[in-house]
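Undergrad: Here you go, one structure.
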Amino acid sequence: MNVELSGPSPKRVITSFGIGWHKSAVKWKHRPELLGTRGSRIADVGPQEGIYVLYNSAGYLYVGISRAGIGGRLQQHVRKPWDRFSWFGFRDIDLLPSPSGICQLGPPVWKAAARQIRLKDVIRDFEAVLTRLPVKGENRAKSTLKHAEEWKQLKPRKARNSA
C-alpha cells in the first residue's frame, strides 16, 4: 500500500493498518505507545479506533474492536499468550506532524463522511481485512485495502531518537 492521502475518502472505512506488529516492541505503560512509521511520518496509533487481532505461532487468539483506543484494549490482553498483533484503524492519520514530531489522529472517518459510505465499500474493506490476516490458504491477499495506508511498527527507542 503506497497511497498518500490528502484528506478523508468517502469510499473507505479502514483508513490505516499495521500487520504483524510485535508485542515486545510496544512500550507498555499507563497509556501504551504503539509507534508506527510510514515514510518519514511517525504516529502513535494507540488511540486509534478500529479492529485488532491477537495471535501467536499457533494462530489467532482473539479478535476485537475498540472505539476507545486499540492500545488500551491490547493492554487489557497483555497477560494472554500472544506475541503479535495486527490492527485496522477507522481514523485518518495527519500528513504533517505536530510540534512533537508525531502525526495526530483525526476523527473517525464515518463521522466526516457518514452519508457517503456505501455498504459495498464497508464489505470490500472488511473482506480485505480478513484476507490480509496471516493465514495459509487460497484467500490470502486477494482483496486490498485500496484507500488505506499501511504503517510499519517502530520500536519506541528509535522513535524517541528520531522525534
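The values are calculated or read from the model by the stated rules, or taken from the named source; none is laboratory data. Being a predicted model, the structure only gives us computed values, none of them experimental. Virtual Cβ from ideal backbone geometry, glycine too; neighbours counted across all protein chains shown.
Undergrad: Cβ-Cβ under 6 Å, sequence separation 6+ or interchain: first residue in the stretch 83-94 and in a loop (DSSP other than H, G, I, E, B), partner of a type in the set (A, V, I, L, M). Which pairs?
TA: Within 6 Å, the pairs are F90/V109.
Undergrad: Further question on the same structure: Restricting to the stretch 34-52, and then to whatever is in a strand (DSSP E or B) and crowded, with 24+ Cβ neighbours inside 10 Å, can you tell me which residue is modelled with the lowest pLDDT?
TA: Here the residue is G50.
Undergrad: So which of K27, K23 is modelled with pLDDT of 95 or more and under 12 Å from Q75 (Cα atoms)?
TA: K23
Undergrad: Any residue at all in the stretch 74-87 that is in contact with a Ser or Thr (Cβ under 7 Å, 6 or more places away or on another chain), crowded, with 21+ Cβ neighbours inside 10 Å and not acidic (D, E)?
TA: So far as the stretch 74-87 goes, no, none of its residues is in contact with a Ser or Thr (Cβ under 7 Å, 6 or more places away or on another chain), crowded, with 21+ Cβ neighbours inside 10 Å and not acidic (D, E).
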